[in-house]
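Novice: What follows is a single structure, and I will ask about it in a moment.
The values are calculated or read from the model by the stated rules, or taken from the named source; none is laboratory data. What you are looking at is a predicted structure, and each value in this text was computed from that prediction instead of being measured. Virtual Cβ from ideal backbone geometry, glycine too; neighbours counted across all protein chains shown.
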Amino acid sequence: MFDITAVKIGEKIKKGELSAVDVTVATIDRINALSGHYNEFITLDVQGAVAQAERVQKGIERGEFLSALAGVPFVVKDNICVKGMKMTCASKMLENFVSPYDATVITRLRKAGAIILGKTNMDEFAMGSTGENSYFGATLNPYDERRVAGGSSSGSAVAAALREGFYSLGTDTGGSIRQPCAYCGVTGIKTTYGVVSRYGLVAHASSLEQIGPMAVDAETCAAVLDLICGKDKFDSTTVDYNVEYLNSISNDIKGLKIGVLSESFSDKTDKTLGDNVLKVCDTLKYFGAQAEMFSMPITQYTLPAYYVISSAEASSNLARYDGVRYGLRSNFCNNIEELYVNSRSEGFGDEVKRRILLGTLVLSAGYYDDYYKLALRARETVKKAFEKAFEKYDVILSPTTPKVAPKINSIIKPIDMYFGDAYTVAVNLAGLPAVSFPCGFSDGLPTGAQLIGPAFSDAKLLNIVHQYQQITDYHKKTPECKKEGQV
Ligand code: GLN
């Protein structure tokens with residue numbers, strides 16, 4: 001069952017060859033056998049999932065739930081609201097918070113008959129690139145448990161890699177879907193800004209982030225987008241733009257012009273990883289695509305601009321966790337000032353505090369022009385550079401990350417962690433779509449390639465990756481699980 005894709009499972013359920021309940025129970029058994037080992041889950045809802053599956057199965061038998069993924073179980077990053085389930089954002093601040101409502105993506109998936117299994121581990125408030133900044137401990141990489149799973153959607157990537165659910169929802173503010181996908185050998189898309197509703201997503205940096213699918217293959221990602229995209233009256237930044245993603249992925253790609261981003265193949269990128277990405281071009285040429293190297297000298301702006309803007313937005317978004325409106329309330333306070341200070345000091349971890357300090361600094365009167373305003377200008381420059389590149393190329397190819405998954409506890413300085421996002425953040429600054437997909441291995445560890453397209457080319461990007469996945473099998477590889485007899 002776990003060798004076939006979400007869409008095939010959905011078809012089998014519809015035909016009555018499998019029942020939603022059997023699929024859900026088998027997936028829970030698989031999770032029970034594996035989980036705990038990689039620390040990929042924060043909450044599992046076994047009873048709730050079985051109850052949903054029973055209800056959906058009856059509905060399917062009555063001819064309801066016609067979507068491609070009806071009856072198919074999935075998992076959710078723990079910064080997305082699921083009614084009645086804990087939502088911690090992997091923070092002590094929200095350790096006991098139970099969401100009173102569903103995020104729009106969850107409402108839509110429930111309506112389509114999808115089954116929610118539980119919530120996945122992540123970097124606290126989605127701040128991090130390794131999955132180590134979680135109050136509940138680091139998520140381990142299933143390809144080598146001494147290594148990180150990536151971040152911030154660490155648990156969602158591991159769950160997708162281990163087939164613990166047929167897809168995961170993650171969020172991407174500066175690479176948090178794509179980078180863990182690359183480290184764990186799975187496929188994921190950060191959509192064009194506004195394509196997916198952020199209602200019910202705990203905000204980290206609102207102008208940059210999107211919820212998106214992570215799964216074995218591009219086909220599954222397309223099927224999920226069909227269910228979650230579209231205008232939402234609860235999120236005014238959503239756009240009224242509907243395409244049929246799953247129906248768009250069998251088009252040929254003859255004549256496709258690929259620009260290969262030369263800056264991402266410097267000596268900062270691992271040699272084997274870079275070579276694997278370049279081989280993607282050869283494969284796509286087989287389908288009639290053309291590729292050439294080009295330069296887009298914006299890399300010196302992207303990381304600084306991203307960290308200034310995202311921290312500025314985070315410092316404002318996280319002001320609500322003060323022990324009064326939301327979040328942990330300290331027991332050690334004699335007055336209101338102490339209540340705020342102690343609640344925030346006890347509730348937030350180091351990285352979150354660092355971002356709040358940085359964000360508050362760059363927005364303060366004396367520094368606003370020098371940092372925040374300058375970063376906004378850099379953001380415009382990045383946008384323009386992409387616009388220019390897309391006059392010549394249909395898509396841009398680069399590695400998703402400079403290196404393969406690092407060892408746990410090996411990154412000491414925060415700034416070194418930020419460099420791990422070197423190839424992903426530009427896309428968020430420009431609001432563009434990008435897909436990360438497995439393109440081979442380096443010393444047994446997965447390597448990820450990234451395809452970036454102009455705004456609203458999401459379906460086209462998934463189509464290209466789907467064509468690639470028709471004649472390669474990197475995405476089909478599963479990590480050899482360390483505990484015996486489990487898979
Ligand atoms: N690693 C980046 C950061 O720490 C991106 C995080 C994300 O996409 N949520 O900000």
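Novice: Suppose we filter the range 311-338 for residues that are farther than 12 Å from Leu357 by Cα, part of a helix (DSSP H, G or I) and not acidic (Asp, Glu); how many remain? Show your work before the answer.
Specialist: If we filter the range 311-338 for residues that are farther than 12 Å from Leu357 by Cα, which is where we start, we get 317, 320-338.
Narrowing the set further to residues that are part of a helix (DSSP H, G or I) leaves 317, 320, 336-338.
Cutting the leftovers down to not acidic (Asp, Glu) gives us 317, 320, 336.
Residues that pass the stated criteria total 3.
Novice: Given the criterion of a type in the set (A, V, I, L, M, F, W, C) and under 24 Å from Asn39 (Cβ atoms), identify the matching residue among Val395, Val352.
Specialist: On inspection, the qualifying residue turns out to be Val352.
Per-residue answers, yes or no, for (1) in contact (Cβ under 8 Å) with a residue 24 or more places away in the chain; (2) farther than 18 Å from Ile106 by Cα; (3) out of contact with any Leu (no Cβ under 9 Å at 6 or more places or on another chain):
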position: Ser176; (1), (2), (3): yes, yes, yes
position: Pro180; (1), (2), (3): yes, yes, yes
position: Thr191; (1), (2), (3): yes, no, no
position: Gly194; (1), (2), (3): yes, no, yes
position: Arg198; (1), (2), (3): yes, no, yes
position: Glu209; (1), (2), (3): yes, no, no
position: Pro213; (1), (2), (3): yes, no, no
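Novice: Here is a further query. Looking only at the range 297-321, filter to residues that are modelled with pLDDT of 95 or more and more than 16 Å from the ligand (Cβ to nearest atom); which one of those is surrounded by the fewest Cβ atoms within 10 Å (Cβ to Cβ)?
Specialist: Per the stated criteria, the residue is Arg320.
Novice: Considering only residues of the range 460-475 that are under 20 Å from the mean Cα position of the chain (by Cα) and of a type outside the set (S, T, N, Q), which is surrounded by the fewest Cβ atoms within 10 Å (Cβ to Cβ)?
Specialist: Checked the range 460-475; the qualifying residue surrounded by the fewest Cβ atoms within 10 Å (Cβ to Cβ) is Tyr474.
Novice: Let me ask something else. Restricting the search to the range 383-407, which residues are of a type in the set (A, V, I, L, M) and under 22 Å from the mean Cα position of the chain (by Cα)?
Specialist: Applying the first criterion (of a type in the set (A, V, I, L, M)) to the range 383-407 yields 385, 389, 395-397, 404-405.
The answer is Val395, Ile396, Leu397, Val404, Ala405.
Novice: Also: Please go through the range 75-126 and give me each residue that is among the polar types (S, T, N, Q) and either at positive phi or over 14 Å from the mean Cα position of the chain (by Cα) (or both), ordered by number.
Specialist: Hits for the range 75-126 are Thr88, Ser91, Asn96, Ser99, Thr104, Thr107.
Novice: Considering the range 1-45 alone, what residues qualify as being under 27 Å from Glu95 (Cβ atoms) and acidic (Asp, Glu)?
Specialist: Result: Glu40, Asp45.
Novice: Would you please name the residue that is surrounded by the fewest Cβ atoms within 10 Å (Cβ to Cβ), looking only at residues in the range 146-194 that are more than 15 Å from the ligand (Cβ to nearest atom) and among the small types (Gly, Ala, Ser)?
Specialist: Checked the range 146-194; the qualifying residue surrounded by the fewest Cβ atoms within 10 Å (Cβ to Cβ) is Gly194.
Novice: Among all residue pairs at least 6 apart or on different chains, which show Cβ distances below 8 Å where the first residue, located in the range 275-288, is over 12 Å from Pro399 (Cα atoms) and the second is among the acidic types (Asp, Glu) and outside any helix (DSSP H, G or I)?
Specialist: Filtered contacts from the range 275-288: Phe287/Asp252; Gly288/Asp252.
Novice: Identify the residue in the range 44-58 that is among the small types (Gly, Ala, Ser) and in contact (Cβ under 8 Å) with a residue 12 or more places away in the chain and, among all such residues, is surrounded by the most Cβ atoms within 10 Å (Cβ to Cβ). Full working, then the answer.
Specialist: Within the range 44-58, the first condition is being among the small types (Gly, Ala, Ser), and the residues that meet it are 48-49, 51, 53.
Filter again for in contact (Cβ under 8 Å) with a residue 12 or more places away in the chain, leaving 48-49, 53.
Working: Gly48: 16, Ala49: 23, Ala53: 26.
The residue in question is Ala53.
Novice: Of everything in the range 244-268, what is of a type in the set (Lys, Arg) and not in a loop (DSSP other than H, G, I, E, B)? Give them in sequence order.
Specialist: Lys257 - this is the single residue of the range 244-268 that is of a type in the set (Lys, Arg) and not in a loop (DSSP other than H, G, I, E, B).
Novice: If you don't mind, there's one more thing I want to ask. Here is a list: Ser262, Ser206. Which entry is under 16 Å from the mean Cα position of the chain (by Cα) and over 30 Å from Leu162 (Cβ atoms)?
Specialist: Checking each option against the conditions leaves just Ser206.
Okay, residues lined up against (1) surrounded by fewer than 23 Cβ atoms within 10 Å (Cβ to Cβ); (2) outside any loop (DSSP other than H, G, I, E, B); (3) of a type in the set (S, T, N, Q):
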site: Asp22; (1), (2), (3): yes, yes, no
site: Ala33; (1), (2), (3): yes, yes, no
site: Gly36; (1), (2), (3): yes, no, no
site: Ile42; (1), (2), (3): no, yes, no
site: Ile60; (1), (2), (3): yes, yes, no
site: Ser67; (1), (2), (3): yes, no, yes
site: Val75; (1), (2), (3): no, yes, no
site: Val82; (1), (2), (3): no, no, no
site: Pro100; (1), (2), (3): yes, no, no
